[in-house]
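Report on one structure; see the data block that follows.
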Amino acid sequence: MAMIHVSRSGATLGIFEEEKVREGLRTGQFIGTDLGWTDGMPTWRPLSELESFRVPTPAPPPPQVDVSLPATTPQPVVPVATPTITARTGLPWENRTSDNFFNALIETVMMVLSKPDHAFAIMKREGGLGDPLLYAVICGSAGSLISLLYQFFMKSLGMGFGRTGLGGLFGLGFVSILIIIFIPVFVLLGIFIGSAITHVCLMIVGGAKYPFETTLRVLSYGNGSAHLLNVIPFCGGLIAVVAALIVGSIGLARAHETDTWRAVVAVLLPMIVCCGGAIFFGAAIIGGAMAGNWH
Amino acid sequence: MRFEVRRLRAGELDHELIWLAVTITSAVLLCAWLRVGLPLPQCIFHTLLGIPCVTCGSTHAALAFSHGDFSGAWRFNPLATLSYFAVAIYDVYALLVLVRRRPRFRLAISRHYLVPLISGAALLNWIYLLRHL
């Protein structure tokens, strides 16, 4: 018997046998507007529209002829668009197996950076922090490390970006090594603090329709992917920051199902109000900040 | 505003554990950062415009706070100082409920309270900083 995934308002209600869903519709446990999905279906659809649960209705009587209209008047044909709801089947990273670890990582990076709209429409809103944080740590650490190596290389050629501020770290030797070791910790702290600030901002603008975990997932995948853009020489840090803002805004809008302007304001608000927020956000994309490329 | 005391639900994020870990790790890293003499981040807002931003003085307030100089911390940044008090109280609470496996406090604040509360506090803080820094 087919197993039906049922969800309501973005929250998964569970996986049920077809008969249980039919009974649930009778008893009121489920309602017709709850979304259902089963193997072979391209998208989630309201339960009432699924073939298995459709209540047979008697054929409506033919409409009466409107005598006020001339027989030759053509009736406009308005195409009725059926809203399709993309199933939150999860990003490739969330569906990885042990033998396609790197493929899933690369697919997720490509999807988030090239098709963020689609990526965050299928991203799971909940399901634990392990997957998104691991992704953010891998990508964030890799991006930061690449950025640091570039910086060392430029220094060795006498083309450093100056020794002021964070750029001054690169002449410190032992401290630089310590910082490299602690990069994953910096990335994790940046993700948590950045997500908290962004979620509060999203609440302020009335766009937080789902819990904190959804925001953290968006920023983990968004910032993590954007971080890898540090691989681009010279301006990688700046591009990574801009990409993180764009992907983050799109991600919040899709994941929280809110207006795009609310998501954009939520992402930019900390920077608009105070540079402290910018520093926290920068911590999430620490590679760019440490490279000093945007000074 | 809704307030409740309850056990963690299955699959619910353990916010107490997460934020206790985040705040303590941040504090330790900040101390280590300062101890080895690494540079403090410069305020871009202050550099560009010549006036303090809402968070200017937060690092100095944190240093004063960590030395128990609460009035000094207040002078640097009142809102940051209040935030540090709130974090300290939250950490004590989080440690207690985690160690003693007690029910958790959950507070849901409506946006109608949140917006005036945060923007009002930020504005008052900024006015103070503009007059004193």
- prompt: Got a number for the accessible area of B:W33? Probe 1.4 Å, square angstrom, nearest 10.
  reply: 50
statement: B:M1 and A:S48 label points (each 7 Å along its Cα→Cβ direction) are spaced in nm at 4.0
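Averaged across the residues of B:38-48, what count of C-beta atoms belonging to other chains lies within 10 Å of each residue's C-beta? Before the final figure, lay out each step's value.
Details: counts 7, 7, 2, 9, 6, 5, 7, 6, 1, 1, 1.
So the per-residue partner count for this stretch is 5.
Relative contact order for chain B: what percent, with Cα pairs under 8 Å and sequence separation of 6 or more? Kindly include the intermediate steps, with their values, before the conclusion.
Values: 110 pairs, mean separation 52.7, N = 133.
In percent, rounded to a whole number, it is 40.
Can you sort B:F3, A:F182 by solvent-accessible area, 1.4 Å probe, largest first?
Details: B:F3 130, A:F182 80 Å².
Largest accessible area first, the residues go B:F3, A:F182.
So what's the projected area for region B:47-97, the Cα convex hull averaged over all directions, in nm²? Kindly include the intermediate steps, with their values, before the conclusion.
Values: hull surface 15.9 nm².
For the Cα atoms of region B:47-97, the hull's average projected area reads 4.0 nm².
Quick check: from the Cα gyration tensor, does chain B come out rounded (a/c under 1.5), prolate or oblate? Before the final figure, lay out each step's value.
Numbers: a/c = 2.39, a/b = 1.47, b/c = 1.63.
Because a/c hits 1.5 or more and a/b fails to exceed b/c, chain B counts as oblate.
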query: So, in Å, what gap is there between the alpha-carbon centers of region B:20-78 and region A:219-239?
result: 27
query: So what is the relative contact order for region A:207-252, in percent, with contacts set as C-alpha pairs under 8 Å and at least six apart?
result: 42
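With r as the distance between the Cβ atoms of A:E18 and A:L238 and R0 = 41 Å, compute the FRET efficiency 1/(1 + (r/R0)^6) and round to 0.05.
Details: r = 54 Å, r/R0 = 1.31.
Step by step, r from the Cβ atoms, then E = 0.15.
Mean separation of Cα pairs under 8 Å and 6+ residues apart, divided by the residue count of region A:90-137: what relative contact order is that in percent? Please report the intermediate quantities before stating the final value.
Details: 27 pairs, mean separation 20.4, N = 48.
It rounds to 42 percent for region A:90-137.
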- prompt: Under a point spin-label approximation (7 Å from Cα along Cα-to-Cβ), what is the A:N100-B:W33 distance to one decimal in nm?
  reply: 4.0
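The values are calculated or read from the model by the stated rules, or taken from the named source; none is laboratory data. Quick caveat: nothing in here was measured; it's all calculated off a predicted structure. For neighbour counting, all protein chains shown are included, and Cβ atoms are generated from backbone atoms with ideal geometry for every residue, glycine included. Calculation scope for accessible area: heavy atoms of the full protein, side chains included, ligands and nucleic acids excluded. Shrake-Rupley method; radii C 1.70, N 1.55, O 1.52, S 1.80 Å.
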